[in-house]
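The values are calculated or read from the model by the stated rules, or taken from the named source; none is laboratory data. Note that the coordinates shown come from a computational prediction; the quantities given were computed from them, not determined experimentally. Cβ placement follows ideal geometry from the backbone for every residue including glycine, while neighbour counts extend to all protein chains displayed.
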Amino acid sequence: MPLVPYALTRPFLFGLDAERAHDLTLASLARLQNTPASCLWRQARVDDPLTVAGLRFPNRIGLAAGLDKNGECIDGLGAMGFGFIEVGTVTPKAQPGNPKPRLFRLPPAEALINRLGFNNHGLAAFVANVQRAKSFRAGGGIVGLNIGKNAATPIERAVDDYLQCLDGVYPYADYVAVNISSPNTQNLRQLQGDEALDALLSALQARRGKLARQHGRAVPMFVKIAPDLGEAQVGVIAATLRRNGIDGVIATNTTIARDAVQGLAHANETGGLSGRPLFEASNRVVRMLRAALGPGFPIIGVGGVMSGADALAKLEAGADLVQIYTGLIYKGPALVTEAARAMARRA
């Protein structure tokens with residue numbers, strides 16, 4: 001159990017602007033990780049190993065991409081008991097993202113809206129940060145590296161950005177996640193269409209083959225999709241993933257829907273909605289993917305997990321692994337242990 005309960009720190013953090021609280025937390029984790037001060041938030045990892053996409057995960061609970069965009073806090077976050085951590089999204093060049101304010105809390109709904117827009121320090125800084133992470137991986141933790149495109153890159157040239165990112169992260173990734181589903185980069189979700197997705201994944205798979213030969217190891221590749229998809233769209237995506245030899249899928253990113261938060265402060269802000277209102281929508285996509293892909297195809301379920309019961313529901317919908325992000329903001333590190341224990345008991 002952490003030395004300082006999250007219930008004592010949350011009021012202070014929620015008293016700050018949401019992005020300011022986020023930046024302060026990450027800066028503190030980066031500064032204090034791998035020091036005796038990490039006992040302030042450290043938790044024993046629940047032991048529930050399983051193999052997915054050829055990787056041995058220490059347990060089923062992971063951190064979703066977007067919280068640590070620059071890969072600066074892998075060891076600090078890993079001390080909370082995660083079995084795997086996904087960092088990014090990284091783009092080839094550094095970019096500031098969208099104008100502030102761009103991150104909003106909706107506490108009555110246990111939700112966030114963000115329109116950050118892939119703000120990050122660029123590929124070179126990201127890779128350097130990932131290389132510095134030691135203790136999480138030394139303890140068996142799995143690290144996924146999430147890649148995207150720069151906002152200034154025309155959608156017609158998006159493949160170039162993804163290939164550049166794949167080249168850069170490949171030697172340091174346990175798995176690579178291809179983000180084609182953020183609502184905060186103009187036209188990005190067009191890449192989920194049949195022909196565009198096929199062209200992107202075909203190019204990535206060809207490049208991955210060359211990188212595997214060059215580095216002497218095959219790194220699994222996952223694709224992260226949106227919750228705002230119909231059954232026919234999910235079926236097309238599933239077929240395209242299989243056709244291109246992709247190893248797994250992450251379902252889902254944030255939603256542009258606002259039905260569940262109408263009338264709340266900030267509900268009409270532009271961006272992606274995450275947290276409890278996303279729970280059922282993401283589960284729906286997980287179920288459709290499992291039906292389309294059949295048993296055995298790796299699915300990471302993410303969206304609205306606020307309890308151990310929610311994590312179990314993701315598994316029951318068809319996921320193999322589960323990620324959290326907004327739940328960590330609202331519930332703190334104890335959610336990691338609660339979710340991991342619930343899923344371990346089911347197994």
Task: Single match in Arg102, Arg189 (criterion: basic (Lys, Arg) and free of Cβ contacts under 8 Å to residues at least 40 places away in the same chain) - done: Arg189
Open item on the list: Of everything in the stretch 1-46, what is assigned to a helix (DSSP H, G or I), within 24 Å of the chain's Cα centre (by Cα) and small (Gly, Ala, Ser)? Give them in sequence order.
Closed with: Ala18, Ala21, Ala27, Ser28, Ala30, Ser38
Task: Members of the stretch 108-142 that are under 12 Å from Val87 (Cβ atoms) and either modelled with pLDDT under 95 or touching a strand residue (DSSP E or B) at 6+ places or on another chain (Cβ under 6 Å) (or both) - done: Asn120, Phe126, Ile142
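Every residue, every condition in (1) out of contact with any Ser or Thr (no Cβ under 8 Å at 6 or more places or on another chain); (2) closer than 23 Å to Ala311 by Cβ; (3) crowded, with 19+ Cβ neighbours inside 10 Å; (4) without any contact (Cβ under 8 Å) to a residue 60 or more places away in the chain, yes or no:
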residue: Pro36; (1), (2), (3), (4): yes, no, no, yes
residue: Gln43; (1), (2), (3), (4): no, yes, no, no
residue: Leu50; (1), (2), (3), (4): yes, yes, no, no
residue: Leu55; (1), (2), (3), (4): yes, yes, no, no
residue: Gly66; (1), (2), (3), (4): no, yes, yes, no
Task: Matching residues, the stretch 262-307, being under 22 Å from Pro108 (Cβ atoms), assigned to a helix (DSSP H, G or I) and not hydroxyl-bearing (Ser, Thr, Tyr) - done: Arg276, Pro277, Leu278, Phe279, Glu280, Ala281, Asn283
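Conditions (1) surrounded by 20 or more Cβ atoms within 10 Å (Cβ to Cβ); (2) more than 17 Å from the chain's Cα centre (by Cα); (3) among the basic types (Lys, Arg), marked per residue:
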| site | (1), (2), (3) |
| --- | --- |
| Gly303 | yes, no, no |
| Ala309 | no, yes, no |
| Glu316 | no, yes, no |
| Asp320 | yes, no, no |
| Gln323 | yes, no, no |
| Leu328 | yes, no, no |
| Ala334 | no, yes, no |
| Glu338 | yes, yes, no |
| Ala342 | yes, yes, no |
Open item on the list: For the stretch 143-156, which positions are assigned to a helix (DSSP H, G or I) and either at pLDDT 95 or above or hydrophobic (A, V, I, L, M, F, W, C) (or both)?
Closed with: Ile155
Task: Criterion (within 22 Å of His266 (Cβ to Cβ) and under 20 Å from the mean Cα position of the chain (by Cα)) met by exactly one of Pro101, Pro96 - done: Pro96
Task: Conditions (1) buried (at least 20 other Cβ atoms within 10 Å of the Cβ); (2) of a type outside the set (A, V, I, L, M); (3) out of contact with any helix residue (DSSP H, G or I) (no Cβ under 9 Å at 6 or more places or on another chain); number of the one not met by Cys165 - done: (3)
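Take Gly235 and decide whether it is surrounded by fewer than 22 Cβ atoms within 10 Å (Cβ to Cβ), touching a helix residue (DSSP H, G or I) at 6+ places or on another chain (Cβ under 9 Å) and not in a helix (DSSP H, G or I).
Answer is no for this residue.
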